[in-house]
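A short worksheet on the structure shown next.
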Amino acid sequence: MLEATSYGDTRRSMNRNDATAYYTAKLADLHQLEYDFKIHKSYNISIQTHTTATGSYFEIVLTQDDSHHTPSPQQLDSIEQQIASFRGQTGQNGTYLQSGEQMLSIVGLHADYDFQSMGNYRPSTQVDRYAFAAFCEGKADTNFVNTGHEAYPYVVRSTQYLDELRHEIAHHLVYSRCETSVPPLHVENEGMTNSYAVMYLGANRDTLNSIGASFPEYAMNAQTDQAAASAHAGTCVVD
Ligand SMILES: [Zn+2]
């Protein structure tokens with residue numbers, strides 16, 4: 001007889017398939033919990049008391065914040081194809097700002113040009129003045145654009161601007177697929193994000209390479225390409 005007992009959960013079965021199904025489900029839960037731990041996912045924790053005929057026991061209940069709706073992988077594929085085929089054009093003021101907003105809206109994002117306000121959503125980290133644009137999980141529907149960046153006046157008048165945004169959109173999509181924008185894939189995360197933008201969002205590899213030339217963590221290579229493919233497939237952790 002196979003028996004599984006934990007915290008008042010007692011079940012008995014003579015059926016090997018039942019037991020296997022039970023353990024498989026428990027193992028899947030455990031792997032999910034381990035993954036959530038690795039990505040520092042936040043849970044709400046409550047302790048419930050249960051009373052049974054033989055006594056009472058406590059159960060620790062972990063619940064997740066499911067308030068934000070994540071599109072299905074198929075919906076994400078379709079969004080990515082639209083971003084990859086998006087061709088922007090300059091507006092009346094000679095910039096790609098409007099096109100950028102159109103492209104962001106495909107993925108449900110909007111632009112916030114108050115870069116410093118990002119500090120409200122991740123107070124523990126400093127707002128990097130060398131960053132041209134940024135995504136942060138604390139405000140996942142927003143792409144912050146640094147209008148104070150010294151290259152800003154030039155970049156917004158170049159298609160480079162759209163590729164910068166594609167990089168930020170890649171952060172957002174990795175977040176949608178992996179529940180974190182920093183999946184534990186053992187490569188430089190910014191390089192992986194650049195690879196993702198090139199492979200799935202139509203960003204120009206040479207452009208992103210030249211932007212990141214003086215920042216080694218942004219470099220793309222075979223490993224970051226492989227990690228991007230892995231995140232894209234929903235395999236967001238490697239041992
Ligand atoms: Zn980035």
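Readers should treat all values here as calculations from the given coordinates under stated rules, not as data from a laboratory. Because the structure is a prediction, the values reported are computed rather than measured. Cβ coordinates were reconstructed from backbone atoms using ideal geometry, including for glycine residues, and neighbour counts include every protein chain displayed.
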Restricting to aspartates and glutamates and to Cα separations under 14 Å from K26, and discarding same-chain partners fewer than 8 apart, the set is E3, D9, D18, E34
Spit out the partnerless Cys residues in the chain, using Cβ distances under 4.7 Å as the pairing rule.
C136
Any aspartates and glutamates whose Cα falls less than 19 Å from that of K38, other than same-chain ones fewer than 8 residues away, would be D29, D65, D66, E137, E179, E188, E190, D239
Exposed trypsin sites (Lys or Arg not before Pro) absent: longest stretch of the chain, with sites in DSSP loops and at most 14 other Cβ within 10 Å deemed exposed:
130-239
Set of aspartates and glutamates near K139 by C-alpha distance (under 12 Å), chain-local residues within fewer than 8 positions excluded
D112
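Only Lys, Arg, Asp and Glu count, each charged at its Cβ (+1, +1, -1, -1), so figure out the dipole size of the chain about its Cα centre, rounded to 20 debye.
220
Can you classify the range 177-239 as rounded, prolate or oblate using the Cα gyration tensor, where a ≥ b ≥ c are the square roots of its eigenvalues, rounded means a/c under 1.5, and otherwise it's prolate if a/b beats b/c and oblate if not?
prolate
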Could you list log10 I(q)/I(0) for the chain at q = 0.07, 0.08, 0.09, 0.12 Å⁻¹, which the Debye formula gives when each Cα is one point scatterer?
-0.32, -0.40, -0.49, -0.75
The range 140-239: which chymotrypsin sites (Phe, Trp or Tyr not before Pro) are DSSP loop and have at most 14 other beta-carbon atoms within 10 angstrom?
none
A correct Karplus calculation of ³J(HN,Hα) over the range 215-221, with 6.51 cos²θ - 1.76 cosθ + 1.60, θ = phi - 60°, whole Hz and x for Gly and Pro, returns 10, x, 5, 8, 5, 9, 8
Kirkwood-type radius of the range 105-224, with distances r between different C-alpha atoms, in Å
14.5
Counting helices only, and only those DSSP H runs with n ≥ 4, report the 222 nm mean residue ellipticity of the chain as the sum of -39,500 (n - 2.57) divided by its residues, in deg cm²/dmol to the nearest 500.
-13000 deg cm²/dmol
